[in-house]
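> Below are the structure tokens for one structure; questions will follow.
The values are calculated or read from the model by the stated rules, or taken from the named source; none is laboratory data. As the structure is a computational prediction, the values presented were derived from the model and not from experiment. As a convention, Cβ positions derive from the backbone with ideal geometry for all residues, glycine included, and neighbour counts pool all protein chains shown. Ligands, DNA and RNA are stripped out before the accessible areas are found, and what is left, the full protein with its side chains, is counted by its heavy atoms. Shrake-Rupley method; radii C 1.70, N 1.55, O 1.52, S 1.80 Å.
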Amino acid sequence: MKEKLLHYGAKYAIITLSITIMSVGVYFFKFPNNFVFGGVTGAAALVAKLTPLSASAFSSAANIVLLVVGLIFLGREFALTTGYATLVMSVELMVLEKLVPLSGPLSDQPMLDLLFAIALPAIASALLFNVGASSGGTDIIALIVEKYTHLHSIATALFLTDLFMVVAACFVFDLYTALYSFVGLTVKSLVIDAVLEKIKMCKAILIICDDKEPICDFVMKKLVRGATYTPCYGAYTDKPHYMIYTTLTRREADQLQDFIHKEHLNAFISMLSTTEVFGKGFNHA
């Protein structure tokens, strides 16, 4: 029970931090410049320009509708985490509107604003996707598209889902805003893909050693991971050895390497980076 509480506590702490990062990027850099990278916030910028509705009011209403869709197609756990994220983001945007009202962009450098408008929400989205949540909005549609089609990239699904908003920006705002928005959408998708790949990075480890027992015990008992070993022979010496194969997270790989050095074990270690890992203990890679 304690481990479960710690797990959920850490998960919701990451969601809260991610949403705060996203809210800052959206409110201070995206809304004032009318950047439309897609998503509900992109649609909100369009609606705020065309109707009396504020961007935050439209975001709240649209997110509620899409959250129900997510509950139907993606499950209860996803709906709970995304619902929490959506609520926190709506509250934070409304608070920022009251405390720090903006009459225009923060700077006179559109490219500088664009960089922050891309980077902050993209990093936040990647962190949310990694813990099985999202910021709501069209992220939900993209996740449904990824789940029920042959697309295996959330970033690609997001790009295709949000492209419509960018096209609409051509007719609502000026051409420069639309071009900035298209660049933003493209770079945002690439950043999400890169950050997710970095987060999911694991190490496929091959070890040649004389004594398999301490290494296998450490992997199974300390790291709680599996390992496969087989007898082998050195080509140069023709002496018998053991070859151990295991897949670990980067932190676990560092622990294993430190253990082998600390115990002065005679071992040759080769590590390969991988993001495509499927099986028990690796539910997202």
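> Carbon and sulfur together cover what percent of the accessible area of the range 201-243 at a 1.4 Å probe radius?
Working: 1590 of 2750 Å².
Its accessible area is 58 percent carbon and sulfur atoms.
> Sequence neighbours fewer than 8 away in the same chain don't count; with that in mind, list the aspartates and glutamates whose C-alpha is under 14 Å from K262.
List returned: D254.
> Also, quick follow-up: How large is the convex hull of the C-alpha atoms of the range 1-143 per residue, in Å³?
On the way: hull volume 14.7 nm³, N = 143.
Taking only Cα atoms, the range 1-143 has a hull volume of 103 Å³ per residue.
> Give the relative contact order (percent, whole number) for the chain; include only Cα pairs under 8 Å separated by 6+ residues.
Values: 405 pairs, mean separation 56.0, N = 285.
After rounding, I find 20 percent.
> Along each of the three principal axes of the Cα atoms of the range 206-249, give the extent in whole Å, ordering the values from largest to smallest.
34, 17, 12
> Set the Förster radius R0 to 41 Å, insert the Cβ-Cβ distance between T156 and F268 as r into 1/(1 + (r/R0)^6), and round the FRET efficiency to 0.05.
Numbers: r = 39 Å, r/R0 = 0.95.
The calculated FRET efficiency here is 0.55.
> At a Förster radius of 45 Å, what calculated FRET efficiency corresponds to the Cβ-Cβ distance of I208 and N130, to the nearest 0.05? Don't jump to the answer; show the numbers that get you there.
On the way: r = 33 Å, r/R0 = 0.74.
Efficiency for this residue pair is about 0.85.
> Sort out the exposed loop chymotrypsin sites (Phe, Trp or Tyr not before Pro) in the chain (DSSP loop, at most 11 other Cβ within 10 Å) and tell me the longest stretch that has none.
1-235
> Here's something else I'd like to know. Rolling a 1.4 angstrom probe over the protein heavy atoms, how many square angstrom per residue are accessible across the chain? Let's see the in-between values first.
On the way: 15640 Å² over 285 residues.
The answer is 55 Å² per residue.
> What whole-number distance in Å separates the alpha-carbon centres of the range 213-227 and the range 102-140?
41
> Let me ask something else. With semi-axes √(5λ) of the Cα gyration tensor in Å defined as stated, name the option among (1) 35, 23, 16; (2) 29, 27, 16; (3) 46, 19, 17 computed from the structure displayed.
It is the one labelled (3).
> Counting helices only, and only those DSSP H runs with n ≥ 4, report the 222 nm mean residue ellipticity of the chain as the sum of -39,500 (n - 2.57) divided by its residues, in deg cm²/dmol to the nearest 500. The partial results should precede the final answer.
Values: 10 runs with 175 residues, N = 285.
That comes out to -20500 deg cm²/dmol.
> For the range 110-238, take the alpha-carbon Rg, divide it by the Kirkwood Rh, and send me Rg/Rh. Display every interim value, and only then the final one.
Values: Rg = 22.6 Å, Rh = 18.2 Å.
The Rg/Rh ratio comes out at 1.24.
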